[in-house]
Amino acid sequence: MDSADSADRYVPDSVRQAVKVLIVGAFGVGKTTLVGSVSEIEPLRTEETVTGAAVGVDALAGVEDKRTTTVAMDFGRLTLNDRLVMYLFGAPGQRRYWGMWDGLAEGALGVLAVVDTRRLAESFEVLAELELRGLPFVVAVNRFPDSEDHPVAELRGALDLTGDTPVVTFDARDRASSIDALITLVQSISGGATGPAGTEGTDHPDEAARGPVAYAPRQGERLPAER
């Protein structure tokens, strides 16, 4: 392994704080794509082939062409600045796997709830589950090529969100757009005020370094995707 590869695999010595973020959403909304687009290390994925056994069990309407599904978690890492690193844990979307949320959410700063407006009803149970568990979250509306643009106020009403729940629109395939969505989450919980265009409740990524430490691996500790 050369030194450049090593530098990419391990957290820089300058990092002083780390946050753990849980990414949830209904089946096929783009969680795995998001983790893959922003992770600076090779993402850890636990995907299996979707088989006929899922018919009648999982909500496949609108995603009939999807061939794989996450069955445990996605894992990635993103260094936001020279002081702050973010560990991303993507949860399975099917309801039968929601029992894993408790373990995946342990120590998390908050939750990014990914939504697909083409199948908005699939997100109602996801958001209700987050509220039931008392987990702080930001709603991230993933823009698909064939999805319509909706004003944030309209989305908030359709999802029956409280006025203080941040909402951001983003494209899970785009690294910069996905990072903006994650910054929205960190800053909304850390007390930010304003953020990138299309977001509410964020400030600047440097401000996040002054927020709470939700997840702090030891210096040099190797996480699953770093081994």
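The values are calculated or read from the model by the stated rules, or taken from the named source; none is laboratory data. What you are looking at is a predicted structure, and each value in this text was computed from that prediction instead of being measured. Here the Cβ is made from the backbone with ideal geometry for all residues, glycine too, and neighbour counts use every protein chain on show.
In table form, for the structure just shown:
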quantity: Options 89, 124; residue that is at pLDDT 90 or above and either buried (at least 22 other Cβ atoms within 10 Å of the Cβ) or aliphatic (A, V, I, L, M) (or both); calculated: 89
quantity: Residue satisfying all of: in region 111-124; part of a helix (DSSP H, G or I) and in contact (Cβ under 8 Å) with a residue 60 or more places away in the chain; nearest to residue 162 (Cα to Cα) among these; calculated: 123
quantity: Where residue 69 falls short, out of the listed (1) of a type outside the set (A, V, I, L, M, F, W, C); (2) surrounded by fewer than 16 Cβ atoms within 10 Å (Cβ to Cβ); (3) at pLDDT below 80; calculated: (2)
quantity: Counted residues, region 125-179 - those being assigned to a helix (DSSP H, G or I), among the polar types (S, T, N, Q) and without any contact (Cβ under 8 Å) to a residue 40 or more places away in the chain; calculated: 1
quantity: Selection within region 156-182 - buried (at least 24 other Cβ atoms within 10 Å of the Cβ) and hydrophobic (A, V, I, L, M, F, W, C); calculated: 168, 170, 172, 181, 182
quantity: Test set (1) within 20 Å of residue 78 (Cβ to Cβ); (2) not in a helix (DSSP H, G or I) - residue 188 fails condition number; calculated: (2)
quantity: Condition check for residue 109: closer than 23 Å to residue 74 by Cα, under 19 Å from the mean Cα position of the chain (by Cα), buried (at least 19 other Cβ atoms within 10 Å of the Cβ) and of a type outside the set (Val, Ile, Thr); calculated: yes
